[in-house]
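The values are calculated or read from the model by the stated rules, or taken from the named source; none is laboratory data. Small disclaimer: the values here were computed from a predicted structure and weren't measured. Neighbour counts run over all protein chains shown; Cβ positions are idealised from the backbone, glycine included. Keep in mind that these areas ignore ligands, DNA and RNA; they rest on the heavy atoms of the full protein, side chains included. Shrake-Rupley method; radii C 1.70, N 1.55, O 1.52, S 1.80 Å.
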Amino acid sequence: MWKIELLIYSLVIVGTSCSSVNNKKFPDSFLLGTATAAYQIEGAWNEDGKGENIWDRTCHSDPTRIFNNENADIACDSYHKYKEDVALLKDLGVSVYRFSISWSRILPTGYLNEINQLGINYYKNLISELKANNIEPLVTIFHWDLPQPLQDIGGFPNDRIIRRYVEYARVVFDNFGDDVKYWITFNEPKQTCRGGYAALGDAPFINSSGIGEYLCTHNLLKAHAETYHMYNKEFRDKQNGHIGITIDTVWAEPDSKDKADVEAADRLIQFTYGWYAHPVTHGDYPEVMKQFVGERSAKQGFSESRLPKFSKAEIHGMKNTVDFLGLNYYTSVMAKHKNDEEKTAIDWDQDSEVDTYFKPEWPSTASSWLKIVPWGMRKILNWVNKNYEGLPIIVTENGVSENGTTLEDDVRIDYYRDHLSGVRDALDDGVNVIGYTAWSMMDNFEWTRGYSEKFGLYSVDFNDPERKRTPKKSVSFFKQFLATRCLVEESKCVAA
Ligand SMILES: *[C@@H]1O[C@H](CO)[C@@H](O)[C@H](O)[C@H]1NC(C)=O
Ligand SMILES: *[C@@H]1O[C@H](CO)[C@@H](O)[C@H](O)[C@H]1NC(C)=O
């Protein structure tokens with residue numbers, strides 16, 4: 001009897017995170033660092049000529065959209081404290097720092113009629129401070145903060161956005177491109193499009209569900225592809241950078257071995273990651289999306305699919321327009337095929353015909369959408385690697401929230417260790433993953449959740465006019481990891 005108990009006990013031990021942490025070092029060339037975004041940290045919302053963006057507008061005119069009516073007018077005040085932030089990054093030991101540029105700081109109206117030199121200077125100073133400290137900038141050109149004047153004419157669903165975005169990107173490459181080797185055109189376009197134009201989760205909080213998110217995506221993808229070609233034509237020879245797009249997705253685990261559930265799980269990732277990644281690699285939306293949205297649209301009486309079509313020329317222009325793929329992974333879902341005979345709902349979320357749920361044993365966090373499922377990391381990396389034929393992948397976001405009651409954030413230490421172990425396992429699997437930037441360097445303005453969900457390695461005191469930064473316990477873990485490039489104690493590390 002005791003033998004059986006011992007066996008069960010051993011299985012339990014093997015099944016927990018500790019015993020399964022990968023003990024191989026990350027290769028020296030692997031980019032390791034942290035990530036932030038302009039609107040979430042900069043503050044200085046109307047200083048030095050910055051224009052109004054859609055999040056400024058929401059926070060000021062429609063504050064009940066935000067937890068506690070909070071806003072990012074000051075946020076972490078990084079606009080004034082960037083030198084201190086770079087010093088913290090240096091102390092942490094990062095080799096790369098991911099941040100975003102605020103469109104309205106550079107082009108206050110969104111158009112070229114005003115170019116704001118003071119805004120340009122801010123990013124020039126930040127980039128030279130990073131370079132002086134041997135930190136590689138990984139720059140997101142657009143992280144959700146659209147200039148309000150471009151929203152006033154419809155935002156992303158208006159195809160004029162394509163020209164506006166390309167000319168903004170040209171100003172960015174022109175000013176910063178000599179010092180930046182890694183560019184991300186868009187961060188989490190699904191949030192911009194579905195959150196912004198269908199789900200009422202993000203600015204501009206428009207609900208044209210089933211139509212707006214697809215139209216927004218169509219224009220955003222064209223803006224991405226045209227920017228890629230513009231970079232090739234005008235900048236690549238001199239600047240030699242790499243251009244990617246950052247796409248967020250869950251891992252979807254089939255609810256059963258039934259073919260229908262296995263297909264449903266894959267379909268959900270095609271509708272999420274593939275919606276953006278398939279066009280920029282293969283030129284068009286995933287076949288399964290065209291089929292499902294097309295069939296539903298027909299049944300619903302639309303004259304054409306709610307998923308817009310690319311022309312032959314557009315498909316040609318869209319294909320192979322990334323040098324790497326960005327992946328933001330936080331959590332997983334269980335996925336089950338949904339028998340939807342009626343097909344009445346007009347909504348991206350319903351178009352995939354998949355039911356999802358969280359397993360009750362997955363640990364909760366301060367964010368209702370985020371359950372801790374570390375093994376999803378290795379699986380999603382393998383999925384991306386397989387579907388996009390070994391393109392380089394950078395994990396551009398991964399992290400966990402707490403509510404700020406303690407600096408002893410053991411939950412974050414375990415989260416990073418277990419997810420990074422999944423990244424290291426994926427390297428062993430042959431996945432071409434080349435970097436990882438943890439979300440986030442410090443607590444910041446978490447969009448509609450205000451300051452209630454804290455993702456930082458450093459805590460920020462938002463009641464202190466100085467916005468004092470204090471390291472959480474996870475900082476010492478992360479420091480040790482970056483110094484050794486290894487997730488276990490040094491004596492147990494083995495070479496890359
Ligand atoms: C958006 O509008 C549709 C159609 O009126 C509705 O069914 C859906 O619940 C709305 N979505 C949100 C997030 O309110
Ligand atoms: C914050 O999180 C801790 C740990 O999960 C929990 O015990 C506590 O009740 C939470 N506090 C608030 C104010 O939500």
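Remarks
- Residues with amide H under 5 Å from that of residue 242, placed H, sequence gap 5 or more: 182, 183
- Placing a pseudo-label 7 Å from each Cα along the Cα-to-Cβ vector at residue 461 and residue 181 gives an inter-label distance of 3.9 nm.
- Accessible surface, per residue, of the range 2-489 when the full set of protein chains is kept, probe 1.4 Å, Å²: 39 Å²
- Projecting the Cα positions of 431, 330, 115 onto the charge dipole of the chain (unit charges on Cβ atoms of Lys, Arg, Asp and Glu, taken about the Cα centre) puts 431 furthest along the positive direction.
- Contact order relative to length of the chain, as percent, for alpha carbon pairs under 8 angstrom and 6 or more apart: 18 percent
- Diffusion coefficient, µm² s⁻¹, Stokes-Einstein with Kirkwood Rh over alpha-carbon pairs of the range 343-478 at 4 °C and 1.567 mPa s: 77 µm²/s
- The H on the amide N of residue 24, modeled in the peptide plane, is under 5 Å from the matching H of 494, each at least 5 residues off or on a different chain.
- In this simple spin-label model, placing a label point 7 Å from the Cα along the Cα-to-Cβ direction at both residue 109 and residue 67 gives a separation of 3.8 nm.
- Per-residue Karplus couplings for the range 125-140, computed as 6.51 cos²θ - 1.76 cosθ + 1.60 with θ equal to phi - 60°, are listed in order as 5, 4, 5, 6, 5, 4, 4, 4, 9, 6, 10, 6, x, 10, 10, 8 Hz, Gly and Pro entered as x.
- With a cut-off of 13 Å between beta carbons, the residues surrounding residue 102 carry a summed charge of -4, where Lys and Arg count +1 and Asp and Glu -1.
- Solvent-accessible surface of protein heavy atoms, probed at 1.4 angstrom with all chains present, puts 278, 316, 242 in the order 316, 242, 278, largest first.
- Residue 340 sits among other residues whose Cβ lies under 9 Å from its own Cβ, and their net charge, with Lys and Arg +1 and Asp and Glu -1, is 0.
- When peptides 340-346, 382-388 are sorted by average Cβ neighbour count within 10 Å, with the highest value leading, the order is 382-388, 340-346.
- Within-15-Å neighbourhood charge of residue 257 [Cβ basis; K, R +1; D, E -1]: -4
- Inter-label distance for residue 48 and residue 476, nm, one decimal - labels placed 7 Å from Cα along Cα-to-Cβ: 3.6 nm
- The range 2-489: antiparallel DSSP beta bridges as a percent of all, rounded to 5: 20 percent
- Rounded to whole numbers, the Karplus 3J(HN,Hα) couplings from phi for the range 160-170 are 4, 4, 5, 5, 4, 5, 4, 6, 4, 4, 4 Hz, using 6.51 cos²θ - 1.76 cosθ + 1.60 with θ = phi - 60°, and x at Gly and Pro.
- Extension gain for residue 117-residue 302 works out to 61.8 nm (0.36 nm per residue, less the C-alpha to C-alpha distance).
- Taking θ as phi - 60° and the Karplus parameters 6.51, -1.76 and 1.60, the scalar couplings of the range 287-304 work out to 3, 5, 6, 4, 5, 5, 5, x, 5, 5, 4, 4, 4, 7, x, 6, 7, 8 Hz in sequence order, x denoting glycine and proline.
- The convex hull built on the alpha-carbon positions of the chain has an orientation-averaged projected area of 24.6 nm².
- The slack between residue 468 and residue 339, meaning 0.36 nm per residue of separation minus the straight C-alpha distance, is 41.2 nm.
- Largest accessible area first, the listed residues 359, 454, 468 line up as 468, 359, 454 when surface is computed with a 1.4 Å probe on the assembled protein chains.
- Built amide H within the under 5 Å cut-off of residue 97, gap 5+: 136, 138
- Computed in the context of the full set of protein chains, the accessible area of the range 2-489 at 1.4 Å probe radius has 50% of its extent on carbon or sulfur.
- Sequence of 183, 45, 144 when ordered by accessible area, the most exposed leading, probe 1.4 angstrom: 45, 144, 183
- Adding -39500 (n - 2.57) for every DSSP H run of four residues or longer, then dividing by how many residues the chain holds, sets the calculated 222 nm ellipticity at -12000 deg cm²/dmol.
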